[in-house]
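Comments concern the structure below.
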Amino acid sequence: MRAIRRPGLQPELPFIRSPLLDEFRATKGRTWELRDIKGHIVEFSGDQYGSRFIQEKLDTATSEERQSVFEEIVPNSTLQLIQDVFGNYVIQKLFEHGAQAQKTVLVQAMAGSVLYLSSNLYGCRVVQKALECILPDQQTSIVRELEPHIMKCVKDSNGNHVIQKMIEHISPDRLLFVSNFIGHVYELASHAFGCRVLQRCLQHLPAALTRPLLDELLNSHTVDLMQDHFGNYVIQFILENGVPEDRAAVANQLRGRMLAMARHKFASNVCEKALIHADSETRRLLIEEIIALKPDGNSAIITLMKDQYGNYVLQRALGVVEGEQKEALVNALRPQLIILRKQSTAHNKHLTSSTSFSHLLVCVP
């Protein structure tokens with residue numbers, strides 16, 4: 001028999017695999033039931049195959065069978081299994097299929113350890129499942145335990161998923177911690193995990209909670225976030241999902257900056273979204289910047305065509321441009337494409353053969 005180390009809030013203890021578990025893993029063709037492993041539920045829950053077996057049985061188990069599983073786990077092994085690579089799935093099943101009284105006991109077992117569990121790779125999954133399955137007052141107890149540490153959770157690789165789940169599943173009037181984000185919008189939007197939480201806020205919360213966040217972002221940080229590794233996703237989210245006034249506020253920040261932003265690794269993605277979602281007049285003005293000559297008298301189009309990011313913005317503009325401006329853009333593009341085709345380089349061949357550009361060499365749309 002081999003010794004296995006198990007994680008837990010308490011010091012780790014060696015775990016020895018029993019002959020029953022060895023038999024279960026070795027036996028083929030036998031039909032096993034939960035009653036066959038009575039007294040070994042915790043051990044099986046911490047085993048890859050045993051955990052999968054218990055999960056499958058809990059999906060269709062009777063209330064008596066679930067109670068039998070529950071009684072072997074709670075209270076002594078609850079926290080141990082919540083943090084276990086395989087055991088956490090068994091606890092999730094108990095939250096999913098358990099009686100309300102059982103869920104209440106599980107939540108009580110987590111009390112005082114929610115911050116630790118939310119930052120744990122496996123524990124955060126159980127906390128998320130619990131938030132989906134428990135009563136509003138129980139959800140609130142979890143929120144209150146995390147509230148003093150909310151920014152720490154938001155910036156944690158595991159904890160941020162718990163905060164997102166709260167925003168998605170808990171009534172907004174119970175999410176008082178959102179007010180703590182005011183004054184920290186740039187910090188959140190430019191963070192690898194904070195940007196996800198901020199987007200969930202904008203997606204799920206009412207205007208009363210999100211308006212201060214949006215005003216802080218739009219009034220002070222839009223241009224900087226367009227060029228940020230993570231912030232650009234928040235700006236794109238507003239362009240795709242925001243109210244018309246907020247979409248216009250973002251798109252207007254590109255005015256006078258379109259050529260520079262289109263050549264930026266991150267801001268170019270924002271430029272594409274703006275061309276798709278801006279109102280027709282703003283779109284026309286942005287494309288006009290693309291068509292216009294630069295101060296040095298050279299065409300902005302050729303600059304964008306040769307740029308690794310700008311050429312995608314140019315292709316997007318070609319796909320959304322309308323009316324007389326479409327003819328102007330095509331007329332400006334075609335001679336540049338002809339020049340590029342004659343200059344035989346791998347990059348030029350890629351451009352002139354792209355779906356967006358190639359047809360311009362043979363016909364006017």
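Looking only at residues of the stretch 238-263 that are among the polar types (S, T, N, Q) and within 18 Å of Leu213 (Cβ to Cβ), we find that the one that is farthest from the chain's Cα centre (by Cα) is Gln253. Please tell me if Lys152 is among the charged types (D, E, K, R), farther than 19 Å from Gln100 by Cα, not assigned by TED's automatic domain parsing to the domain that holds Thr78 and not in a loop (DSSP other than H, G, I, E, B). Against the criterion (among the charged types (D, E, K, R), farther than 19 Å from Gln100 by Cα, not assigned by TED's automatic domain parsing to the domain that holds Thr78 and not in a loop (DSSP other than H, G, I, E, B)), Lys152 qualifies. Scan the stretch 260-280 for residues that are among the polar types (S, T, N, Q) and buried (at least 19 other Cβ atoms within 10 Å of the Cβ) and jot them down. Ser268, Asn269, listed by residue number. From the list Gln67, Gln48, the lone residue that is surrounded by fewer than 19 Cβ atoms within 10 Å (Cβ to Cβ), over 21 Å from Phe24 (Cα atoms) and modelled with pLDDT of 95 or more is Gln67. Taken as a whole, the condition of being out of contact with any Cys (no Cβ under 6 Å at 6 or more places or on another chain), closer than 22 Å to Cys124 by Cα and surrounded by 21 or more Cβ atoms within 10 Å (Cβ to Cβ) does not apply to Val85. Picking from residues in the stretch 318-365 that are part of a helix (DSSP H, G or I) and among the hydroxyl-bearing types (Ser, Thr, Tyr), the one that is modelled with the highest pLDDT is Ser356. Counting only residues that are surrounded by fewer than 19 Cβ atoms within 10 Å (Cβ to Cβ) and over 20 Å from the mean Cα position of the chain (by Cα), how many does the stretch 122-137 have? So the answer is 3. Filtering the stretch 155-176 to residues that are assigned to a helix (DSSP H, G or I) and either modelled with pLDDT under 95 or surrounded by fewer than 16 Cβ atoms within 10 Å (Cβ to Cβ) (or both) leaves Glu168, His169, Pro172, Asp173, Arg174, Leu176.
Within the stretch 76-101, which residues are part of a helix (DSSP H, G or I) and more than 14 Å from Lys129 (Cβ to Cβ)? The answer is Leu79, Gln80, Gln100, Ala101. Just so you know, in the stretch 182-195 the residues that are out of contact with any helix residue (DSSP H, G or I) (no Cβ under 6 Å at 6 or more places or on another chain) and assigned to a helix (DSSP H, G or I) include one that is surrounded by the most Cβ atoms within 10 Å (Cβ to Cβ), and it is Tyr186. Scanning the stretch 89-99 turns up one or more residues that are buried (at least 19 other Cβ atoms within 10 Å of the Cβ), among the charged types (D, E, K, R), in the same structural domain as Thr60 (by TED's automatic domain parsing) and modelled with pLDDT of 95 or more. Tell me which residues, restricted to the stretch 203-259, are among the polar types (S, T, N, Q), surrounded by fewer than 20 Cβ atoms within 10 Å (Cβ to Cβ) and closer than 24 Å to His169 by Cα. Gln203, Asn241, listed by residue number. Checking each residue in the stretch 102-121 for being part of a helix (DSSP H, G or I) and within 21 Å of the chain's Cα centre (by Cα) picks out Leu115, Leu117, Ser118. Does Phe86 count as under 26 Å from Tyr116 (Cβ atoms) and in contact (Cβ under 8 Å) with a residue 40 or more places away in the chain? Yes.
If Asp173 satisfies all but one of (1) within 19 Å of the chain's Cα centre (by Cα); (2) more than 29 Å from Gln308 (Cβ to Cβ), what's the number of the condition it fails? Failing condition for Asp173: (1).
The values are calculated or read from the model by the stated rules, or taken from the named source; none is laboratory data. Just so it is clear, the structure is predicted and the values come from calculations on it, not from any experiment. Cβ sites come from the backbone with ideal geometry, for glycine too, and all protein chains shown count toward neighbours.
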